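So the structure is just underneath, and the comments pick up after that.
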């Protein structure tokens with residue numbers, strides 16, 4: 001080996017270790033970045049006498065991606081997003097119903113039925129009638145408020161659908177742009193950025209990710225029907241349409257390049273879509289049915305009864321209401337509670353049979369073959385179960401995802417201990433190589449001095 | 001497996017979160033004193049508790065009905081007592097009037113007294129309670145269901161019964177109607193007594209002694225029935241109260257956490273959380289860089 | 001804390017019996033001949049003494065384990081010495097006198113003071129040999145359904 005060989009080798013070594021050190025330094029500075037994939041300097045190829053001086057990243061520095069594990073992680077993250085949002089949505093619905101407080105519907109119904117029984121004990125009492133009217137108004141107001149609160153929640157969820165769709169589009173565009181950049185040259189940093197975007201996306205909707213040999217990434221959504229979102233430089237964005245205000249308010253979602261919105265079944269967006277399209281409307285419909293049934297049953301009995309003035313055929317509640325939002329005590333009764341009927345025969349001031357029958361409606365099978373209170377209790381039960389279920393699933397999916405993240409980090413994550421010991425190793429090697437160069441330099445000087 | 005900083009901190013954070021969730025649950029339990037404070041805590045037990053809460057509300061209503069009914073029934077007893085006393089007096093008069101040794105003048109005086117007693121009876125029977133006529137059936141705003149025109153007593157009320165619901169599907173009748181009283185024969189007997197005395201018919205008066213006794217017995221029997229209703233309501237009330245307290249005890253056990261236990265568990269959990277926090281911070285500090293200083 | 005699966009269940013597994021995670025020391029089977037007021041369809045109950053929980057006992061329905069209450073032995077209450085049981089009630093249960101019987105009172109938590117109260121007006125009286133029991137409603141109007149437990153335990 002000649003002196004110039006020594007020089008040459010040492011110079012290559014120097015730059016190789018320099019690259020190694022800068023790679024290590026980059027890893028260390030990214031230790032807190034969960035989307036970063038660690039780099040490893042491939043010293044073998046860096047120092048190979050046949051490789052020449054290649055300073056570019058690709059070929060001499062590896063990006064230790066976890067491949068299949070990362071894609072699994074992206075696939076599984078949707079469940080966390082989905083169940084977290086489900087839990088939040090159902091908890092909010094549970095709060096709207098506000099049971100078992102004294103202002104909840106359960107309590108209001110109980111007080112309403114009881115007020116009729118008190119009236120039956122004192123059928124010619126103006127006070128008792130005023131109380132029945134008041135309890136009727138309170139009951140109606142509670143139904144009204146429930147309907148308003150659920151509808152408001154539906155609108156808010158709809159707003160979130162729009163916001164989330166916007167976020168999805170931003171991420172899709174980022175990924176597409178990076179795809180296009182990769183065409184002119186694969187960049188590790190760009191790959192990290194793309195991975196970060198895909199990670200964020202994976203919580204928002206259900207996706208599958210594949211990578212082509214040209215380093216471009218394909219992202220699809222959907223289950224039975226696959227809908228492409230990004231493919232090379234093709235992009236399929238989400239479009240949404242906010243309908244004019246109406247009782248059943250669901251933001252309509254579509255794809256700019258086609259595909260059924262039902263393809264979005266997971267992630268935060270999947271949960272929001274189901275909430276606004278089926279869960280919240282279902283509870284609204286049940287509350288509506290209850291309000292309609294109570295109004296109808298009470299009216300039917302009340303109309304057959306006589307009041308103190310021997311007038312019969314009067315409604316207590318507004319007749320023919322369509323739902324909880326429009327339930328209310330009839331304005332004639334509100335103006336004059338004396339009109340309330342208590343008797344099942346004319347000219348019997350002490351007859352409270354009609355009032356008693358109305359009070360008894362609470363024990364009748366007044367809706368769908370079951371009692372009003374049982375029907376309502378089953379709504380509350382269902383909501384409670386959904387919260388419990390979502391919480392449980394969220395918990396277990398979070399553990400699955402955490403395990404996958406650990407596996408991914410095991411391959412792609414940065415270990416400070418490892419990097420620091422590499423740093424020491426490389427620093428020493430660098431010093432050794434530069435020592436070599438000064439030795440070689442001394443040798444040359446010696447030779448030159450000899451000349 | 002290769003261990004990185006992120007893996008270490010993730011594992012420790014998971015433990016911390018589990019502890020934190022437990023603590024929040026226990027904090028809520030201690031604050032509300034309730035184990036099952038909303039449906040999602042335990043939907044099945046919550047639903048059961050809801051049904052019993054409704055039962056409790058109904059039982060409260062039954063208690064109110066019993067209280068109200070008891071007031072009526074007690075008042076009935078008072079008035080019936082007064083009325084019965086008048087009938088007893090009338091019978092004494094009859095005994096006196098049936099004595100052949102009495103003079104026509106005496107019988108005339110006795111007849112006038114019976115006439116007065118009939119008026120008093122009618123006034124008594126027209127009693128009101130809480131502004132309602134008590135023996136008028138359901139025609140409670142008829143303030144004079146019994147009328148005495150000097151000759152006969154007429155009843156203008158109806159036969160309607162007033163009920164109080166004292167438990168599910170169980171009503172009791174709390175009123176005695178004028179028809180019930182009429183059918184004891186007491187009016188007929190009193191009028192006949194007045195007339196027999198007026199025409200100095202001592203034999204006639206003697207005949208009426210049995211009728212008066214029968215009428216008196218029948219009035220007592222109405223009073224006894226009234227008393228039975230009272231007894232029924234009292235027994236039901238005692239059982240209702242016991243049922244209510246049993247249900248409250250069950251709800252208590254479901255909803256009110258045993259505070260001592262909760263606090264003990266909470267303290268345990270808090271200590272575990274604190275310990276985990278310390279372990280986390282120490283573990284994250286440990287890395288090779290410390291040794292290289 | 002407790003999940004629905006664990007709560008209020010007297011679980012018997014081999015020699016280990018548990019109620020709410022607490023060890024059961026003693027288990028008695030009780031048959032309420034007239035059912036439990038408020039829960040008239042329930043007759044079969046168990047009375048469980050719990051380790052470290054004395055003097056509180058668990059009173060739980062066999063058919064519906066969700067229905068459970070806390071009780072204590074009435075004899076532990078100072079006021080109980082003055083209480084007489086109607087002979088008729090003892091007869092129904094096949095008992096000759098009060099000393100042959102066991103009496104327990106049901107507890108609840110007062111919403112306001114958050115303290116335990118006992119229903120001393122209607123104790124559960126039972127025949128320890130046959131297990132026959134009844135909730136006896138006492139006539140004494142001075143006995144409260146919500147007798148505070150503080151200062152009461154001798």
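Tabulated results
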item: Extreme residue, farthest from residue A:32 (Cα to Cα), among residues of the stretch A:403-415 that are touching a helix residue (DSSP H, G or I) at 6+ places or on another chain (Cβ under 6 Å) and facing chain B (nearest Cβ under 9 Å); result: A:407
item: Qualifying positions in the stretch A:316-342 - surrounded by 14 or more Cβ atoms within 10 Å (Cβ to Cβ) and either part of a loop (DSSP other than H, G, I, E, B) or not assigned by TED's automatic domain parsing to the domain that holds residue A:148 (or both); result: A:316, A:318, A:321, A:323, A:327, A:328, A:330, A:340, A:341, A:342
item: Hits in the stretch C:97-123 - residues which are more than 9 Å from chain B (Cβ to nearest Cβ), at pLDDT 85 or above and in a loop (DSSP other than H, G, I, E, B); result: C:101, C:120, C:123
item: Candidate set from the stretch A:197-233 (those that are part of a strand (DSSP E or B) and in contact (Cβ under 8 Å) with a residue 40 or more places away in the chain); member that is surrounded by the most Cβ atoms within 10 Å (Cβ to Cβ); result: A:229
item: The stretch C:55-96, residues that are closer than 17 Å to residue C:32 by Cβ, more than 14 Å from chain B (Cβ to nearest Cβ) and either touching a strand residue (DSSP E or B) at 6+ places or on another chain (Cβ under 9 Å) or surrounded by 17 or more Cβ atoms within 10 Å (Cβ to Cβ) (or both); result: C:62, C:74, C:85, C:90, C:92, C:93, C:94, C:95
item: Scan of the stretch B:18-75 for residues that are over 30 Å from residue B:229 (Cα atoms), touching a strand residue (DSSP E or B) at 6+ places or on another chain (Cβ under 9 Å) and at pLDDT 85 or above, ordered by number; result: B:41
item: All positions within the stretch A:383-397 that are surrounded by fewer than 19 Cβ atoms within 10 Å (Cβ to Cβ) and either closer than 14 Å to residue A:275 by Cβ or facing chain B (nearest Cβ under 7 Å) (or both); result: A:385
item: Some residue of the stretch A:109-120 being within 12 Å of chain B (Cβ to nearest Cβ), under 30 Å from residue A:156 (Cα atoms), part of a helix (DSSP H, G or I) and modelled with pLDDT of 95 or more; result: yes
item: Condition met for residue A:430 (in a helix (DSSP H, G or I), more than 10 Å from every other protein chain (Cβ to nearest Cβ), at pLDDT below 95 and surrounded by 20 or more Cβ atoms within 10 Å (Cβ to Cβ)); result: no
item: Where residue B:152 falls short, out of the listed (1) more than 17 Å from residue B:228 (Cβ to Cβ); (2) touching a residue at least 12 places away in the same chain (Cβ under 8 Å); (3) within 11 Å of chain A (Cβ to nearest Cβ); result: (3)
item: Some residue of the stretch A:343-352 being part of a helix (DSSP H, G or I) and either touching a helix residue (DSSP H, G or I) at 6+ places or on another chain (Cβ under 8 Å) or more than 8 Å from every other protein chain (Cβ to nearest Cβ) (or both); result: no
item: Tally, over the stretch A:121-130, of residues that are buried (at least 19 other Cβ atoms within 10 Å of the Cβ) and assigned to a helix (DSSP H, G or I); result: 2
item: Residues of the stretch B:253-262 that turn out to be surrounded by 21 or more Cβ atoms within 10 Å (Cβ to Cβ) and either at pLDDT 95 or above or facing chain C (nearest Cβ under 7 Å) (or both), as a count; result: 2
item: Among residues of the stretch A:253-311, those that are touching a residue at least 40 places away in the same chain (Cβ under 8 Å) and in a loop (DSSP other than H, G, I, E, B), counted; result: 6
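For (1) surrounded by fewer than 16 Cβ atoms within 10 Å (Cβ to Cβ); (2) under 16 Å from the mean Cα position of the chain (by Cα); (3) closer than 23 Å to residue C:87 by Cβ; (4) touching a residue at least 24 places away in the same chain (Cβ under 8 Å), each residue gets a yes or a no:
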| residue | (1), (2), (3), (4) |
| --- | --- |
| C:116 | no, yes, no, yes |
| C:120 | no, yes, yes, yes |
| C:124 | no, yes, yes, yes |
| C:127 | no, yes, yes, yes |
| C:132 | no, yes, yes, yes |
| C:136 | no, yes, yes, yes |
| C:139 | yes, no, yes, yes |
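The values are calculated or read from the model by the stated rules, or taken from the named source; none is laboratory data. As the structure is a prediction and not an experimental result, all values here were calculated from the model. For neighbour counting, all protein chains shown are included, and Cβ atoms are generated from backbone atoms with ideal geometry for every residue, glycine included.
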